[in-house]
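Structure first, then comments.
The values are calculated or read from the model by the stated rules, or taken from the named source; none is laboratory data. No experiment lies behind these values; they were computed from the predicted model shown. Here the Cβ positions follow ideal geometry from the backbone for every residue, glycine too, while neighbour counts run over all protein chains shown.
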Amino acid sequence: MSKKIKKNFSIKTRQPTDAQIFAGDDEYTRVIDGIKKIYKQKIKPVEVTYNFEGFHSAPLTDSDIEAKPIVLLIGQYSTGKTTFIRYLLDKPYPGEHIGVEPTTDRFVAVMHNSEERVIPGNAAAVNQELPFQGLNRFGQAFLSRFQVSQSNSAALENMTIIDTPGILAGDKQLIERGYDFTQIIEWFAERADLILLMFDSHKLDISNEFKMAIHSLKGQEEKVRVVLNKSDMVSQQQLMRVYGAMMWSLGKVVQTPEVMRVYLSSFWTEKPPNSFEDCRELIDAESKDLLKDLKELRRNAAIRKINEIVKRARLARVHALIISHLKKEMPSMFGKKKKQEALLKNLGAEFTKIQHKYHLAQSDFPNPERFRQNLALYDLDKLKSLKEDLMDRIEEALSNDFPRLMSQLPNMNPELEHTERNPFQTDIMDSEFPPPSYWHFDSVEKHRYAPQFQQLRPRDGKVSGADIKPILMESGLRTDQLAQVWRLADFDNDGYMDLDEFCIAMHLIKAVHSGAELPEKLPLSLMPNKKI
């Protein structure tokens, strides 16, 4: 990768505007305080009453909610995870070890601190200033394989990076780690803002352990990105075949309707002499996109945190309804043991009853088999009955509090483009518009339109045309123009829009308002890579 890209990333992470999400850190703090208040008053009481921790995860602490965006790196050994971190930091981090064989044998949280130091896992898990207290549930076997490495690096001012042990392949994956690797991955994935699956251009096989780790990411697909690292170690023709082989392998493991975003990259501390240069421009552009996404994590952190807490609140609500339903089904005197066995055996059917009774989505329910295993440890007769006041609180949080908090986000002033800073400036209208750069996806202001999209309460990441129509109508464009905007932006023609499609629709509307004509066909450069 060119030194210019790396230099730009390092410089920009030091700019105050990138360290502040909205008008400033005060605004970010206000939003986080609002999230904490809603969680403590209306969600946590439900979790505690119905023992949410025994089935899902421990209650969140202030440190969990205040934590910087987390980037989780997952990949088989020798795919370049640790080297990637060193590249971002522009220096080694305390306790790092790089090699071609499995060298990172522990989970390492790389965080910012003015002093370089390593905090062992047991000490980190009891430190109230760190967001890792929930790891205590995994015991000594795991905590002895976990550490926090703190480094004084500008790149870490806006994020925390989790370096994971290299996933084993072949006979090596039969080695007993001493802890449940998949559960640990799932714990970090729930809290991560971005999950990077890293592949080596010479190592595309997906081992059983890697497959299980990917399956544990179910429900977090919107955070997952794929990095095909060391892409300059193969020729252009070979890279095309490698990319196809990787997508074929992933297609057998990842069950999602959308193709995940893939970055072709090569992150070296020292570029090897036998690297290929025929795809250098493409690799540099892809690497630049990845670094840009990392840099913008903090800008989108508040929206992501609200989204994660809402997901948790929905799960807690369903959990409370399940527990109280099972309690109600138990007999008051005789036949309790037999009834408990019957309920556990037919847990899926009980879930269906609850779903129909309360008009809930099936996707909000946990895995029946996994829930059954946890439930077998409890006496159903001693579970808690439904408390309407607690359910009213969590319903109020979902229906009123979080939407109100989200509605405040668009009113916060984002950084304006240079051409927008003078409302009387007419240069842009006098010159040719739009410029060629306007028809590139990088020019789409996702940070501007994302809050508006989230207010529509997307399901599985999408919003129907009927729900989006009023927003598009507010633009004042003619119906035929709006129809053309929809045809261009709705890539898969399914009548729904995801975040990328919605942002492009708003981008096209902005172009029309500025005097441009809509193209007959959307330029490929304006289409997100995951859609191409």
The one condition in (1) touching a residue at least 60 places away in the same chain (Cβ under 8 Å); (2) loosely packed, with under 11 Cβ neighbours inside 10 Å that D379 fails to fulfil: (1)
Number of positions in segment 253-270 that are free of Cβ contacts under 8 Å to residues at least 40 places away in the same chain and either surrounded by fewer than 16 Cβ atoms within 10 Å (Cβ to Cβ) or assigned to a loop (DSSP other than H, G, I, E, B) (or both): 4
Single unsatisfied condition, R177 versus (1) surrounded by 15 or more Cβ atoms within 10 Å (Cβ to Cβ); (2) modelled with pLDDT of 90 or more: (2)
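Being in contact with a strand residue (DSSP E or B) (Cβ under 8 Å, 6 or more places away or on another chain) and part of a loop (DSSP other than H, G, I, E, B) is the filter; apply it to segment 271-298 and report the residue that is nearest to F441 (Cα to Cα). Before the answer, list the steps.
Here is the first cut: in segment 271-298, the ones in contact with a strand residue (DSSP E or B) (Cβ under 8 Å, 6 or more places away or on another chain) are 279, 282-283, 286-287, 289-290, 293-294, 297.
Subset that is part of a loop (DSSP other than H, G, I, E, B): 279, 297.
Numbers: C279: 21, L297: 18 Å.
It comes out as L297.
Being assigned by TED's automatic domain parsing to the domain that holds G251, farther than 19 Å from K68 by Cα and touching a Lys or Arg at 6+ places or on another chain (Cβ under 7 Å) is the requirement here; does S201 meet it?
Values: assigned by TED's automatic domain parsing to the domain that holds G251: yes; farther than 19 Å from K68 by Cα: yes; touching a Lys or Arg at 6+ places or on another chain (Cβ under 7 Å): yes.
For S201, the condition - assigned by TED's automatic domain parsing to the domain that holds G251, farther than 19 Å from K68 by Cα and touching a Lys or Arg at 6+ places or on another chain (Cβ under 7 Å) - is met.
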Candidate set from segment 177-235 (those that are touching a residue at least 40 places away in the same chain (Cβ under 8 Å) and among the polar types (S, T, N, Q)); member that is farthest from L315 (Cα to Cα): S235
For E101: the one exception among (1) acidic (D, E); (2) at pLDDT 90 or above; (3) farther than 23 Å from L294 by Cα: (2)
Residue within segment 299-306 that is surrounded by 13 or more Cβ atoms within 10 Å (Cβ to Cβ) and either outside any helix (DSSP H, G or I) or at pLDDT 90 or above (or both) present: yes
Flag for N229 being more than 27 Å from L89 (Cβ to Cβ) and of a type in the set (S, T, N, Q): no
Every residue from segment 19-51 that is over 18 Å from L398 (Cα atoms), at pLDDT 90 or above and surrounded by 18 or more Cβ atoms within 10 Å (Cβ to Cβ): Y50
